[in-house]
Amino acid sequence: MGIDIGARTSKGVITEHNKIKAYCLIPSGINYRETAQRLREGLLAKASLSPGNIAYSVATGVGGQNVGFSQHQIAEFRCCARGINHSFPGVRTVIDVGETSSRVIRVDNKGRIVNFVVSEKCASGSGYFLQTIANVLRIGLEEVGPLSLKSKNPVAFTTGCAVFGESEAISRISEGFAKEDILAGVHRALANKISMLVGRVGFEEPCAISGSGGLDIGLIKVLEEELGFKLILPPQPQIITALGAAIMAEEMTK
């Protein structure tokens, strides 16, 4: 079992013989220890298993230390690297756009980390920036990507800070700019920050995207334009890190 306790969403995966048997996503809330228990219960129910059926558990994420039932805790970027390598063995670079940070990881053919870089603590380099702007525009996060694709005149954001970016978005609304143009501008600002991370890590193709950012088709499109190549998208990009934790847990039983 792999448990990834994120700042906003927690993900869990159960594997059997290196294949996904069940996965589950729930809101993290404010009590990570209780969240981990609820996540385990949900996973076990989906897999029709009992706690005794789980040979080994690995925890990761910002709240990984609160997973009382895990035998091991491993850093997020290591789990992410192993998860993407398991899904796409040929991938050499991973762009992981999380809820509170973004990271770019270079991996070898066994999913081991060659190099990595993480965005600064400012939330404008993460999915939280998108959530903030979605709240300002009074739309659901799932609407952000499709709506941004309708943009004809993306707004240029002049700030690199999520807090000031929120104020700037409010100003653009009062000036009459369309929601889709504001969203497209946010995507361009985020893609620019990510492309700088890619430049620092030493890019190597093929490249995949994971994390919550992988659910945003608007961000993916702008990123591909910014970087000049197609991104490989996992079927469930949010669970890649939890999958990596589960794969490593399975290896530890051997």
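A simple packing score, the average count of other Cβ atoms within 10 Å per residue, orders the peptides 52-60, 177-185 as 177-185, 52-60, with the highest score first. Around residue 134, what is the net charge, scoring Lys/Arg as +1 and Asp/Glu as -1 over all other residues with Cβ under 12 Å from its Cβ? Within the 12 Å Cβ shell, the charges total -2. Each residue in 72, 86, 187, 17 was given a count of other beta-carbon atoms within 10 angstrom of its own, and listing them fewest first yields 17, 72, 86, 187.
For the range 89-233: lysine pairs with Cα atoms under 14 Å, gap of 8 or more or different chains, count? So the count works out to 5. State the answer as a single residue: which of 242, 201, 50 lies farthest towards the positive end of the charge dipole of the chain, with beta carbon charges of +1 for Lys and Arg and -1 for Asp and Glu, about the Cα centre. Final value for the positive-end residue is 50.
Could you work out the relative contact order of the range 1-108, using alpha carbon pairs under 8 angstrom and six or more residues apart, expressed as a whole percent? Relative contact order for the range 1-108 comes out at 23 percent.
Loop-located trypsin sites (Lys or Arg not before Pro) across the range 193-234 with a Cβ neighbour count of 16 or fewer within 10 Å are 230, with loop assigned by DSSP.
If you take every residue apart from residue 173 with its C-beta less than 13 Å away from the C-beta of residue 173, what net charge results, scoring Lys and Arg +1 and Asp and Glu -1? With Lys, Arg at +1 and Asp, Glu at -1, the neighbours total -2. In the set (i) 28; (ii) 34; (iii) 43, the label that goes with percent of Cα pairs over 28 Å apart computed for this structure is (ii).
How much of the DSSP beta bridge set in the range 89-233 is antiparallel, as a percent to the nearest 5? Counting DSSP beta bridges with both partners in the range 89-233, the antiparallel share is about 65 percent. Computed from point charges on the beta carbon alone (+1 for Lys and Arg, -1 for Asp and Glu), the dipole magnitude for the chain about its Cα centre is near 440 Debye. Of the GluC sites (Glu not before Pro) found in the range 32-125, those that fall in a DSSP loop while having at most 13 other beta-carbon atoms within 10 Å are 120. Taking Cβ atoms as reference points and 13 Å as the exclusive limit, the residues near residue 105 contribute a net charge of +3, counting Lys and Arg as +1 and Asp and Glu as -1.
The numbers here are math on the coordinates, done by the rules we state, and not lab data. As the structure is a prediction and not an experimental result, all values here were calculated from the model. With ideal geometry, Cβ positions are generated from the backbone for all residues, glycine too; neighbour counts draw on all protein chains shown.
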